[in-house]
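Okay, structure first, notes after.
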Amino acid sequence: MGLILSPEVKMRHDGSRAILFSVNSTNSINDTAFRFLYPQQAVMLSLFDGKRDLNEIEKIVAYLFNLDLELASKEIESLLALHANREQTIGSLIVDMSRIDPEKARIYDPKDFIISAGSIDMTDTRCKYPCSLIVLPTMRCFTSCRYCYADREGAKGLEEFSLFLFERLLRDANECGIEAVDFSGGDLFCRDDAFDLIRLTFQNKLYPNIPTKYPLSKGQVEQLAEMGLSTIQISIDALDADIIDNLVATKAGYGRKILQTIDYLGEANIKVRTNTVLTPYNVKDAIRLARYLAELPQVFKAHFTCYGRSLYRHEDKMFCHLEDITEFESELNEIKKEFPDKAIIFSGLPGDPYSGDKEKRASAFWDRAFCTANRRGVVVLPDGRVTICEELYFHPDFIIGDLNKHSLLEIWNSPRALKLAHPDQSEVHDGPCRDCSDFHICHEGLGRCIRDALKAYGCDRGHWPDPRCPRAPVGNRMA
Ligand SMILES: C[S@@+](CC[C@H](N)C(=O)[O-])C[C@H]1O[C@@H](n2cnc3c(N)ncnc32)[C@H](O)[C@@H]1O
Ligand code: SF4
Ligand code: SF4
């Protein structure tokens, strides 16, 4: 059998170039893959069609690009050595056809990636169409978690989008090559039409990634399985039912129910991802939870994240302590060794962005992760408005459009979205970014984290620095 690109990633043309990206990293145990490709690179990768082996591909590349065999082989080698994320090279995303489900194989026509040499442009870090989609169907919840980062108050009184608008959005997303809807909120299952939203997502050939704290009944779980749901995220913070009840601030008895839901999911053959928010109130019990989850056959991914400052219901006492986290991490490492087939992930203790000397801060800042807001992804709010990052919610400065009035692509290419993506420094009226000589590279390169600027300096200071920036002043406590 021949070689092919893993079905976890896909190629799509992107106007003046092509992109390679993960179609559903939420469900994958690998990091999100993303890379801009020159047309000739996309053409070469499309030759990996599951029928040809490397020798045959080398011969075709030599013929197509008028190279001798040795040079063609070198071209392919250097293409496969390029990184698609910090861990994986493109080469590691090439698999033998016999290892994948033939129905999932993506076969490309190399001609689709050919564009004239003069129109190739690799400079813009913003995709011509979005390639990921977060949808907040509601801000209502079953629980009222003490640590919650969501703006639930801001949604009070807003009318939630209709099934009609949602279906139009799914069609727009399809046109952009998006294959998954990452739900958030709020809790999807608090909507009466939650099952209709899920059904519509499947009907439009997208996969619904659902995080929930809703204690689903056996019947509801069976209904989800019948609809084709094969994975779901349960957010659970402890194994001790009383600790769960306390953290999610709901009636006694909830903790037992959510543990029961995980059992129902196993019985219905739905695989479970979990997310646990670590605070001083559950960190001791979280290690028991980690072992419990690792032993459950239905759990394939267990994520542990330290509490991050919330813009809406923050208390300093929710931040984790270094000694608790050090102990947690070393015990979790033991569990990881025992269960090498499970993705047990700890995102680490967030560092204090203001500490360290200028040099260290600078090198960490210029090595930060790429911000995808308004460059690769969009976020749809419960009333159909569109913003650039989940945690900015209804903040008016970052709303880029309204699906009640425009299509997803119209919004993506709207003057408002483009202005936010390519900000004008002369409009920054105060703060360190106003006169910064790195303004352009900072905003159009890796990106400035606006969410953290708001958290550090207040909701009216979205134009202030990313608190990790060495020029950023000390603001609110972040860790
Ligand atoms: C905002 S919730 C939305 C989905 C759903 N309501 C839930 O709780 O699963 C998404 C995830 O963020 C987690 N989360 C909420 N507030 C957080 C905070 N301040 N720091 C870290 N994670 C948080 C939740 O526990 C949940 O796993
Ligand atoms: S963490 Fe999720 S369930 Fe809890 S209050 Fe926030 S949005 Fe609701
Ligand atoms: S965050 Fe502001 S001050 Fe820091 S490098 Fe970026 S533009 Fe300059």
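The numbers here are math on the coordinates, done by the rules we state, and not lab data. Nothing here was measured: the structure is a model prediction, and the numbers come from that model. As a convention, Cβ positions derive from the backbone with ideal geometry for all residues, glycine included, and neighbour counts pool all protein chains shown.
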Which one of T326, I244, G447 is farthest out on the positive end of the charge dipole of the chain, using unit charges on Cβ (Lys, Arg +1; Asp, Glu -1) and the Cα centre as origin? I244
Taking a ≥ b ≥ c as the square roots of the eigenvalues of the Cα gyration tensor of region 80-195, is the shape rounded (a/c under 1.5), prolate (a/b larger than b/c) or oblate? prolate
Estimated FRET transfer efficiency when R0 is 35 angstrom, pair R288-D352 (beta carbons, to 0.05): 0.75
Within region 203-226: backbone nitrogen closer than 13 Å to the L163 label point (7 Å, Cα to C-beta): 203
Straight-line reach from K74: which lysines fall under 19 Å, measuring Cα to Cα and dropping same-chain residues less than 8 apart? K59
Only helices counted: for the chain, with every DSSP H run of 4 or more residues adding -39500 (n - 2.57) and the sum spread over all residues, [θ] at 222 nm is -9500 deg cm²/dmol
Given 20 °C and 1.002 mPa s, compute D for region 209-272 with the Stokes-Einstein relation, Rh being the Kirkwood radius over Cα pairs; round to the nearest whole µm²/s. 180
Name the residue from G384, S363, H395 whose Cα lies farthest towards the positive end of the charge dipole of region 334-442, charges +1 on Cβ of Lys and Arg and -1 on Cβ of Asp and Glu. G384
Amide H partners (placed H, <5 Å) of A180, local residues excluded: Y207
Can you say what percent of the DSSP beta bridges in region 297-438, counting only those with both residues inside, are antiparallel? Round to 5. 50
Cα→Cβ-extended label distance, 7 Å offset, between E267 and A479, nm: 4.3
Rounded, prolate or oblate for region 323-479? Axes are the square roots of the Cα gyration tensor eigenvalues, ordered a ≥ b ≥ c, and the cut-off for rounded is a/c under 1.5. oblate
Farthest towards the positive end of the dipole of region 125-170, among P137, T125, A155 and with Cβ unit charges of +1 on Lys and Arg and -1 on Asp and Glu, lies the Cα of T125
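Just flag the trypsin sites (Lys or Arg not before Pro) in region 37-86 sitting in loop per DSSP whose Cβ has no more than 16 other Cβ atoms within 10 Å.
K51, R86
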Relative contact order (%) - criterion: Cα under 8 Å, at least six apart; region: the chain: 13
Rounded to the nearest 20 debye, what is the charge dipole size of region 385-479 about its Cα centre when +1 sits on each Lys and Arg Cβ and -1 on each Asp and Glu Cβ? 220
To the nearest 20 Debye, how big is the dipole of region 54-190 about its Cα centre, given +1 on the beta carbon of each Lys and Arg and -1 on that of each Asp and Glu? 500
Amide H of N275: which non-local residues (sequence gap of 5 or more, or other chain) have their own amide H closer than 5 Å, using H built in the peptide plane? I234, S235, I236, H303
Can you tell me what share of the DSSP beta bridges in the chain is antiparallel? A percent to the nearest 5 is fine. 40
Is there a quick way to get the dipole size of region 287-378? I mean about its Cα centre, with the Cβ of Lys and Arg at +1 and of Asp and Glu at -1; what is the value in debye to the nearest 20? 580
Coil-residue GluC sites (Glu not before Pro) of region 152-214, DSSP, other Cβ within 10 Å capped at 11: E159
Q260-F339 FRET efficiency (beta carbon distance; Förster radius 30 Å; 0.05 resolution): 0.85
What FRET efficiency comes out for C459 versus A117 if R0 is 45 angstrom and r is the Cβ-Cβ distance? Round to the nearest 0.05. 0.45
Starting at the first residue of region 11-21, write each ³J(HN,Hα) from the Karplus equation 6.51 cos²θ - 1.76 cosθ + 1.60 with θ = phi - 60°, in whole Hz, x for Gly and Pro. 9, 8, 6, 9, x, 8, 5, 10, 10, 10, 8
Env charge @ D466, Cβ radius under 9 Å, K,R +1 / D,E -1, value +2
